[in-house]
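**Q** Below is the structure I would like to discuss, written out as structure tokens.
Computed from the coordinates by the stated procedures, all read-outs in this text should not be read as laboratory data. It should be emphasised that the depicted structure is a prediction, and the values quoted were computed from it without experimental measurement. Counting neighbours? That spans all protein chains shown, and the Cβs are built from the backbone with ideal geometry, glycine included.
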């Protein structure tokens, strides 16, 4: 795997970094799959090789190769759009890992979730824990995953340069902006943002643009 700098491309190598989580160390591994350049994240507790998978988006064989030898304790689907769960059935069946999805997006995903991804829920793998943050707007059930207080996996809620698409729906746009301001932008500036597509950013880099985003309406 190449040095972690936040950029991956479909079919290209995974990149990784390590994050201290209390007394544990977690490897954050990022790679891209499918025609829509979907990022997949594997969070691995280095002491136990227990892992959490964020978005089984596409290319089940590739995902399974990345988690080979790991005990996948959970698969979190960040939201219900089809490009984020094309490989979910195959990966869940092969690993036996339970699926987490917010009930607001349950009608959008053919596979029934094993656990409702409610706001504030915690998922443990090895010596590490993540906290789920409900961030509606892009979809009703959009969910972000927070690791170690400053590593945030945002699905399609936040990207470099703005919020996720709300498809011209003024109510949904107001909702996603509220999610950003009230739930995500309360995090420290140094919080690293790992989006569902494309390159990474930080909360501090995006925070000054909130007035611009509200003004432009997207």
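**Q** What is the ratio of the Cα radius of gyration of region 100-218 to 2.2 N^0.38 Å, with N the residue count, to two decimals?
**A** Normalised by 2.2 N^0.38 Å, the Cα Rg of region 100-218 equals 1.04.
**Q** Would you mind telling me the antiparallel percentage of the DSSP bridges in the chain, rounded to 5?
**A** 70 percent
**Q** Over the residues of region 162-216, compute the C-alpha Rg and express it relative to 2.2 N^0.38 Å.
**A** 1.11
**Q** Taking only the Cα atoms of region 87-153, how large is their convex hull per residue, in Å³?
**A** Once divided by residue count, the hull of region 87-153 is 97 Å³.
**Q** Can I ask one more? Can you give me the pair-distance distribution of region 44-170, C-alpha pairs, 10 Å bins, whole percents?
**A** Percent of Cα pairs in each bin: 13, 45, 34, 6, 1.
**Q** Using a Debye calculation, one point per C-alpha and no hydration shell, please list log10 I(q)/I(0) for region 2-216 at q = 0.13, 0.14 Å⁻¹ in order.
**A** Results for region 2-216 at q = 0.13, 0.14 Å⁻¹ read -0.66, -0.77.
**Q** List the relative contact order of region 133-218 as a percent without decimals, with contacts defined as Cα pairs under 8 Å and 6+ residues apart.
**A** Details: 155 pairs, mean separation 26.5, N = 86.
So the answer I get is 31 percent.
**Q** For labels at residue 182 and residue 3 in the simple 7 Å Cα→Cβ model, what's the distance in nm?
**A** With each label placed 7 Å out from Cα toward Cβ, I get 4.2 nm.
**Q** Could you sort 121-128, 97-104 so that the peptide with the highest average Cβ count within 10 Å comes first and the rest follow in order?
**A** Highest mean packing first, the order is 97-104, 121-128.
**Q** Helix-only mean residue ellipticity at 222 nm, the chain, DSSP H runs n ≥ 4 weighted -39,500 (n - 2.57), per residue, nearest 500. What is it?
**A** On the way: 5 runs with 36 residues, N = 218.
The helix-only estimate for the chain comes to -4000 deg cm²/dmol at 222 nm.
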